[in-house]
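Report on the following structure.
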Amino acid sequence: MMICIALLALTGCSGTQEKAAVKVEPALEATPATITAFTEGPTVDPDGNVYFTEIITQRIMKFSVDGKLTVFRENSNTANGLLFDNEGRLVACEGASLKGVQFGGSPHAAVAMKPRVTRTDMKTGKVEVLADGYEGAPFSGPNDVTMDSKGRLYFTDMTGGAAYRIDPDKKLTRLLAKPEIQRPNGIMISPDDKTLYLVEANNQENGARMLRAYDLGADGSVSNMRVFHNFYPGRSADGMCMDSKGNLYAVAGLHQRRGTHETLDTKAGVHVFAPDGKLVKFIVVPEDTVTNCTFGGPDLKTLYVTAGKGLYKFQNDVEGTRR
């Protein structure tokens, strides 16, 4: 099975309200792919190569700086969110076979593996399990991951309704759980380590579809929850990334409904929010379903976005972060 990689130069524009008329024309239109795929979880290594996940075939893909697409890892255990840590190791949130079955199965869907968070040594290829459960109970579906300046990892267990922190000594702490959160998806930390952002992506009737913000303590604890942005009744955000000025890039919205309670009120693309919550830019992504984003390029000003069957890019005017 192949994946269509559409590297499109997309243009953004500024605005102060999300529902204001925003005229944004992509430089190119995506061409229909001839296969079915579902791209997710992009991250960029120190050399500028883009790694992302392919949910249906359960693979981790590598898109190199010279434009070559290769398979980095087969049987990814339905890896979703990825992140290169400060030592250049690849951290992966692995949801086991759940999503492979949900999206129509894969050659590996029947392989018995646990939902877990792993770390791969890129020099040796050794895969280390950082966590596969909490207090004796297994995770349900690790989804997305970020880190702070101290090297602590923060990840969501979306179907388990919880968020956790992994310290450098591998100590696992649960930060949030039901009923205070419902269906956590993307997670991101501000460049100053003072704010943790969490996506609520509950597509059920009256479900939370918003960005939550928390104060992040020096000890890695969270407090003072507030609603940073509410996407309801449209499709909420999925993944996020952040630039060096503290602007939050959240991918959200739909071009057409998909049989859930989500409406089309949220435009499909990258919604860029200033630290005060105001929408300052919107970047159109022409394909459903837009899922995640990351920064790369030699100056960290290239925004990579996964959506549907493609990988897109946008030249940004602000340097990004590697979180």
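Read-outs throughout are calculated quantities, based only on the coordinates presented, and are distinct from any laboratory measurement. These figures come from a predicted structure and were not determined experimentally. Neighbour counts are summed over all protein chains in view; Cβ atoms, including those assigned to glycine, are modelled from backbone coordinates with ideal geometry.
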Calculated P(r) of segment 12-297 - Cα pairs past 23 Å, %: 52
Separation of the residue 274 and residue 206 label points, Cα + 7 Å toward Cβ, nm: 3.6
Out-of-range pairs (alpha-carbon distance over 26 Å; input 114/150; 278/313; 68/309; 170/281; 126/301; 267/309): 114/150; 170/281; 126/301
Distance between modelled label sites at residue 171 and residue 64, nm, 7 Å Cα→Cβ extension: 4.2
Net charge of neighbours whose Cβ lies under 11 Å from the Cβ of residue 211, counting Lys and Arg as +1 and Asp and Glu as -1: +2
Cβ-derived FRET efficiency at R0 25 Å, residue 317 paired with residue 224, nearest 0.05: 0.20
Local electrostatic count, residue 295, Cβ distance below 10 Å [Lys/Arg +1, Asp/Glu -1]: 0
Centroid-to-centroid separation of segment 57-80 and segment 112-167 [C-alpha atoms, Å]: 19
Relative packing of 71-77, 233-239, which averages over residues the other C-beta atoms within 10 Å, highest first: 233-239, 71-77
